[in-house]
Amino acid sequence: MKTLSIDIRRAEPDDARAISEAHRSSWQQAYAGLIPHKPLRQMLDRRNETWWRKATRGSSTMLVVEISGIVAGYTTLGLSRARGLPYDGEIYEIYLRPEYQGMGLGSVLFIEARRLLKSLGCNGVVVWCLEDSDVASRFFRSHGGKDVAEGMEDFDGTQLRKLGYVWH
Ligand SMILES: CC(C)(COP(=O)(O)OP(=O)(O)OC[C@H]1O[C@@H](n2cnc3c(N)ncnc32)[C@H](O)[C@@H]1OP(=O)(O)O)[C@@H](O)C(=O)NCCC(=O)NCCS
């Protein structure tokens, strides 16, 4: 019998290619039809392997979730960018490759991201997601998040509403 091992660890520069592939496939699946084609393509092209290599050395913390040695997804976290909200921490992004979604890996990654923010001294966590992103909203609600904030995001002239889910 084969045993599947799940591992969550800090991203390293050598993960850049795997993260860029996870990012591309997850964003295409999550946002095609939601974010207009041109700005979505530009965002995907900008975040190539080189961009991710630099990002692994950047100021936000990046974790990957690996299943049997394959990078299934990533999360980035750090201080909240929204001034005026009483939550210090923010999970900036959490994305899994489509073929690894719905198996509980996102939950493991999300719980570890929150634990890490707490251990870094952050009180409270916010995560922003597009209002029309049903999977993301269901996921954050299933983890007890409350959407207490809202804002707008501009994609090349198209304004989309976003929701801020929070945890104390
Ligand atoms: C959101 C995401 C990280 C969740 O990770 P996941 O491993 O798929 O989620 P889990 O298997 O841990 O599921 C936890 C809960 O989330 C909800 N959920 C997850 N995937 C779902 C889906 N495809 N449809 C509906 N609900 C879903 C369910 O309520 C689920 O609870 P249940 O297992 O009791 O039914 C992942 O699905 C993903 O990368 N999605 C696309 C990108 C995205 O939207 N990222 C967030 C942007 S802010």
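Laid out as a table, the results:
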{"item": "Within segment 1-112, helices (runs of 4 or more DSSP H) holding 2 or more residues that are within 9 Å of the ligand (Cβ to nearest atom) and at pLDDT 95 or above", "result": "16-31"}
{"item": "Selection from segment 81-111 of residues that are under 16 Å from Gly58 (Cα atoms) and either surrounded by 21 or more Cβ atoms within 10 Å (Cβ to Cβ) or of a type in the set (Phe, Trp, Tyr) (or both)", "result": "Glu90, Ile91, Tyr92"}
{"item": "Boolean, Gly69 is surrounded by fewer than 20 Cβ atoms within 10 Å (Cβ to Cβ) and either touching an Asp or Glu at 6+ places or on another chain (Cβ under 6 Å) or closer than 26 Å to Gly102 by Cβ (or both)", "result": "yes"}
{"item": "Test result for Ile111, over 27 Å from Gly144 (Cα atoms) and of a type in the set (A, V, I, L, M)", "result": "no"}
{"item": "Total residues in segment 129-142, condition in a helix (DSSP H, G or I) and either more than 6 Å from the ligand (Cβ to nearest atom) or touching a Cys at 6+ places or on another chain (Cβ under 7 Å) (or both)", "result": "5"}
{"item": "Inter-residue pairs, beta-carbon under 6 Å, first farther than 22 Å from Glu90 by Cα and in segment 39-66, second among the aliphatic types (A, V, I, L, M), 6+ apart", "result": "Glu49/Ala16"}
{"item": "Residues that are loosely packed, with under 13 Cβ neighbours inside 10 Å and under 25 Å from Leu116 (Cα atoms), drawn from segment 14-42", "result": "Asp14"}
{"item": "Qualifying residue in segment 45-54 (condition: touching a Cys at 6+ places or on another chain (Cβ under 7 Å) and of a type outside the set (A, V, I, L, M, F, W, C))", "result": "no"}
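Yes/no matrix, rows are residues, columns are (1) touching a Gly at 6+ places or on another chain (Cβ under 9 Å); (2) within 25 Å of Val65 (Cα to Cα); (3) within 15 Å of the ligand (Cβ to nearest atom); (4) not in a helix (DSSP H, G or I):
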{"position": "Arg114", "(1), (2), (3), (4)": "yes, yes, yes, no"}
{"position": "Lys118", "(1), (2), (3), (4)": "yes, yes, no, no"}
{"position": "Cys122", "(1), (2), (3), (4)": "yes, yes, no, yes"}
{"position": "Val127", "(1), (2), (3), (4)": "yes, yes, yes, yes"}
{"position": "Gly144", "(1), (2), (3), (4)": "no, yes, yes, yes"}
{"position": "Asp147", "(1), (2), (3), (4)": "yes, no, yes, yes"}
{"position": "Met152", "(1), (2), (3), (4)": "no, no, no, yes"}
{"position": "Gln159", "(1), (2), (3), (4)": "no, no, no, yes"}
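The values are calculated or read from the model by the stated rules, or taken from the named source; none is laboratory data. Computed from a prediction, not measured in an experiment: that's the story for all the values here. Neighbour counts run over all protein chains shown; Cβ positions are idealised from the backbone, glycine included.
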